[in-house]
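Notes follow the structure.
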């Protein structure tokens, strides 16, 4: 930055105004010129998620230990860390499997349905478009239909609206 100001000061004044001049090869910003942010701030969402995960998994295993000890004592069996570990790992993986499958279906299925254009994915936009069309008709009754038709042609094939076909896909 200092180099650019020295070179401009040593040049003779030109006939062009200072605002119309643009540097031909601007110097790239050095990494040290960027504002420094701590990793805690940069990745705050990840840290919060990690904290919630650690809290929940520790609680799960702690209360699982109490339940395991009570069960073993009720059955007059010895309390063994190996048996507890196997039982808790099985429960944890069962829980994760069901949660991940549910999440994958919700995210993947909704994405698929939005992509293929299911009626459920268009309800909100159809309603909004119908309202905008009604407003156009009230604000400018003479030109509204022509404007709506021009917009329909510009966005032809997006989806159907208000019971009428909007044109073929390009």
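The values are calculated or read from the model by the stated rules, or taken from the named source; none is laboratory data. Bear in mind the structure is a predicted one, so any value in this text is a computation, not a measurement. Methodologically, a virtual Cβ is constructed for each residue, glycine included, from the backbone with ideal geometry; neighbour enumeration extends over all protein chains shown.
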Next on the checklist: Please count how many residues of segment 71-102 are surrounded by fewer than 11 Cβ atoms within 10 Å (Cβ to Cβ) and not in a loop (DSSP other than H, G, I, E, B).
Outcome noted: 13
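Quick one: would you say residue 34 is modelled with pLDDT under 90, out of contact with any helix residue (DSSP H, G or I) (no Cβ under 6 Å at 6 or more places or on another chain) and not assigned by TED's automatic domain parsing to the domain that holds residue 146?
On the way: modelled with pLDDT under 90: yes; out of contact with any helix residue (DSSP H, G or I) (no Cβ under 6 Å at 6 or more places or on another chain): yes; not assigned by TED's automatic domain parsing to the domain that holds residue 146: yes.
Answer is yes for this residue.
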Checklist entry - Could you give every pair whose Cβ atoms fall below 7 Å, whose first residue belongs to segment 41-70 and is loosely packed, with under 10 Cβ neighbours inside 10 Å, and whose second residue is modelled with pLDDT of 95 or more, counting only separations of at least 6 or pairs across chains? => result none
Next on the checklist: Just to be sure I understand the filter: pairs with C-beta atoms under 7 Å, separated by 6 or more residues or on different chains, first member in segment 76-87 and on the phi < 0 side of the Ramachandran plot, second member surrounded by 10 or more Cβ atoms within 10 Å (Cβ to Cβ). Which pairs pass?
Outcome noted: 78/72; 79/69; 79/72; 84/65; 84/68; 87/68
Checklist entry - Which pairs have Cβ atoms under 6 Å, sit 6 or more apart or on different chains, and link a residue in segment 109-126 that is surrounded by 12 or more Cβ atoms within 10 Å (Cβ to Cβ) to one that is at pLDDT 65 or above? => result 121/113; 121/114
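For the condition at pLDDT below 90 and out of contact with any helix residue (DSSP H, G or I) (no Cβ under 8 Å at 6 or more places or on another chain), what is the one hit in 132, 139?
Exactly one residue qualifies, and that residue is 132.
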